[in-house]
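**Q** Below is the structure I would like to discuss, written out as structure tokens.
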Amino acid sequence: MALEFNPKHCALATRSLEKVTYALCALSIAVAFVHDTFVSAIVVAGLVAAVTFIISRSAADSRMAQFIVASNFMILSALHIHQLHGMIEAHFLIFILLATLLVFRDWFPLAVGVGVIAAHHFIFNYLQASG
């Protein structure tokens, strides 16, 4: 079976992954208690949760929903890596969430997720190298 866009399935997948997004946002708040990263956790997780809620209610069956979910997953991965001070094990969340995007049964969200996390790593590598 080829991976292709299916609006009906996209809506179901978006609403399912919405719950995962909220769980990851709650996890980032919990981690903030341990590592004192409340500002980044509240700002980033709050924005991600709000955008997820809006897209899930207004356009859950669209390519934009796939784009938002994939981007938000990688943004939350980056947030957790930041909160855990770059701990290697925190990077596994990237691969777990990329695999979770397979629920869309489409190549597009995977490509978006890989692109977002690649851009994150290139930018942060440059920022670290320049002090």
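The values are calculated or read from the model by the stated rules, or taken from the named source; none is laboratory data. Just so it is clear, the structure is predicted and the values come from calculations on it, not from any experiment. Side chains included, ligands, DNA and RNA excluded: accessible areas come from the protein's heavy atoms. Shrake-Rupley method; radii C 1.70, N 1.55, O 1.52, S 1.80 Å.
**Q** So between residue 124 and residue 92, what do we pick up on full extension, going 0.36 nm a residue minus the alpha carbon distance?
**A** Gain on stretching residue 124 to residue 92: 9.8 nm.
**Q** Show 94, 68, 29 ordered by accessible area, largest first, where the area counts protein heavy atoms only and the probe is 1.4 Å.
**A** 29, 68, 94
**Q** What is the angle, in °, between the Cα long axis of helix 63-83 and the longest principal axis of the Cα atoms in the chain? Nearest 10 is fine, range 0 to 90.
**A** Its long axis makes an angle of about 20 degrees.
**Q** In addition: What's the angle, to the nearest 10 degrees (0 to 90), between helix 7-35's Cα axis and the longest principal axis of the chain?
**A** Around 10 degrees separate the two axes.
**Q** Could you tell me what percent of the accessible area of the chain is made up of carbon and sulfur, with a 1.4 Å probe and every protein chain present?
**A** Summing carbon and sulfur atoms, their accessible area is 75 percent of the total for the chain.
**Q** Rounded to whole Å and ordered largest first, report the semi-axes of the equivalent ellipsoid of the stretch 68-117 derived from its Cα gyration tensor (root of 5λ).
**A** With the √(5λ) rule applied to the stretch 68-117, the semi-axes are 20, 10, 7 Å.
**Q** Rank these residues by their accessible area, most exposed first, probe 1.4 Å: 85, 35.
**A** So, going from the largest accessible area down, we get 85, 35.
**Q** For the chain, just the Cα set please: Rg and Dmax, both in angstrom.
**A** 14.9, 48
**Q** While we're looking at this one, here's another question. Could you pull the accessible area for residue 4 with a 1.4 Å probe, rounded to 10 Å²?
**A** 120
**Q** If each DSSP helix of 4+ residues adds -39,500 (n - 2.57) and the sum is divided by the residues in the chain, what number results at 222 nm, nearest 500 deg cm²/dmol?
**A** Calculated at 222 nm, the ellipticity per residue is -27000 deg cm²/dmol.
**Q** Provide the per residue accessible area, probe 1.4 Å, for the chain, rounded to a whole number of square angstrom.
**A** Per residue, the chain has an accessible area of 56 Å².
**Q** Also, quick follow-up: Would you check the accessible area of residue 108, probe 1.4 Å, heavy atoms only, in square angstrom rounded to 10?
**A** Only protein atoms counted, so the area is about 50 Å².
**Q** So, one more: Largest first, what is the accessible-area ranking of 17, 110 with a 1.4 Å probe?
**A** 110, 17
**Q** Here is a further query. What does the accessible area of residue 121 come to, in Å² to the nearest 10, when a probe of 1.4 Å is used?
**A** Accessible area, nearest 10 Å²: 80 Å².
**Q** Let me check the size of the stretch 1-73 from its C-alpha atoms; what are the radius of gyration and Dmax in Å?
**A** 13.9, 47
**Q** Let me ask something additional. Output wanted: per-residue J couplings in Hz (rounded whole) for the stretch 100-106, from phi through Karplus 6.51 cos²θ - 1.76 cosθ + 1.60, θ = phi - 60°, x for Gly and Pro.
**A** Whole-Hz 3J(HN,Hα) from phi for the stretch 100-106: 5, 5, 5, 4, 6, 6, 8.
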